[in-house]
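Below is one structure, written out as structure tokens; comments come after it.
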């Protein structure tokens, strides 16, 4: 039986089309993917992301443990800071990409829904092997999480959540809503827009959703609900990787263009292998593609390059740019922007050009 988030009744009442995603019944869309996508880019959207794992780590050896499993240097993190980083295996492959937040006493790690159980097992194994003393709590099903994304979000919700106005990117704060609901809010997201992600008690979540969403069926409503479909097209335009597509245990962070998310001044699980890849250079590289015409390149589509072949990882027709775009791994020697490649789309050869990622960047002043 599929798990349901605390917002399930809201999704049904709002007319969402529900789908199975990583064992959770989640909204694919409410109106249309394109409409929800464009509303996020121009105003703001509310996404239920309660399916994502929320792990709390605390205890004497918590920091020492995180230094071992997380690619960023956690010693440099201050309370109230968040960091994007990776969990790797010994060979350098990516077990998951996560966001880690440091509180005064605890650490919070948000992991992908499809990887939650795998990561928990991995952490227990590391703790046992190294004899570390820390507590690991999986709070996924006792809490809820929503993402509010878009250029008008911060102004819209600052009146409800006063901590938001002073938050910088990749910072978080705790507060209470209407003196009743305790929450943690971080200025992070997965759309390429400004916005926040809020974690709160699952019992109080429906009330908060009702207050934030308001009467979203009005044409001039600032915030409207959006589903997984728009979340995917938005992150693709922003060049953000998705686990199971751009990231996997067979892919290393350097090939994925995530070398910036690695602290090379420390040792961690997988660091020896990654240092070797770094010195030798990766054999493949993640690139952006702009296709001729409107046909969409799906995952696993073959990309023929001047010296070999690659594979598409994600593709869509960009609602913002009005172009067919894709991300793909191609041989490192062919990864230069401007290189012309071709894709086989069900027997038809479609030309494409390699372009820098991301495809879309928001206006910082918006």
Exercise. Sorted by packing (mean other beta-carbon atoms within 10 Å per residue), highest first, where do 229-237, 99-107 land?
Worked result: 229-237, 99-107
Exercise. Which residue fluctuates the most in the chain, going by a Gaussian network model with Cα springs under 10 Å, if the choices are 67, 91, 280?
Worked result: 280
Exercise. How high is the relative contact order of the chain, given as a whole-number percent (alpha carbon pairs under 8 Å, six or more residues apart)?
Worked result: 18
Exercise. DSSP beta bridges in the chain, what fraction antiparallel, as a percent rounded to 5?
Worked result: 95
For this session: May I ask you to order 128-140, 188-200, 31-43 by the average number of other C-beta atoms within 10 Å around their residues, highest value first?
Result: 188-200, 31-43, 128-140
Exercise. Computed on alpha carbon atoms, what radius of gyration and Dmax characterise segment 23-94, expressed in Å?
Worked result: 17.9, 49
For this session: Normalise the Cα radius of gyration of segment 283-357 by 2.2 N^0.38 Å (N = residues in it) and let me know the number.
Result: 0.96
Exercise. Based on DSSP H runs of at least 4 residues, each adding -39500 (n - 2.57), what is the mean residue ellipticity at 222 nm of the chain after dividing by all its residues, to the nearest 500 deg cm²/dmol?
Worked result: -5500 deg cm²/dmol
Seminar exercise, completed: Of 288-300, 157-169, ordering from highest average Cβ density within 10 Å down gives 288-300, 157-169
Exercise. Which distance in Å, rounded to a whole number, links the C-alpha centroids of segment 189-206 and segment 37-55?
Worked result: 7
Exercise. Once a ≥ b ≥ c are taken as the square roots of the eigenvalues of the Cα gyration tensor of segment 218-364, is the result rounded (a/c under 1.5), prolate (a/b larger than b/c) or oblate (a/b not larger than b/c)?
Worked result: oblate
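Computed from the coordinates by the stated procedures, all read-outs in this text should not be read as laboratory data. Keep in mind it's a predicted model, so treat the numbers as computed, not measured. Every residue, glycine as well, gets a Cβ built from its backbone with ideal geometry; the counts of neighbours run over all protein chains shown.
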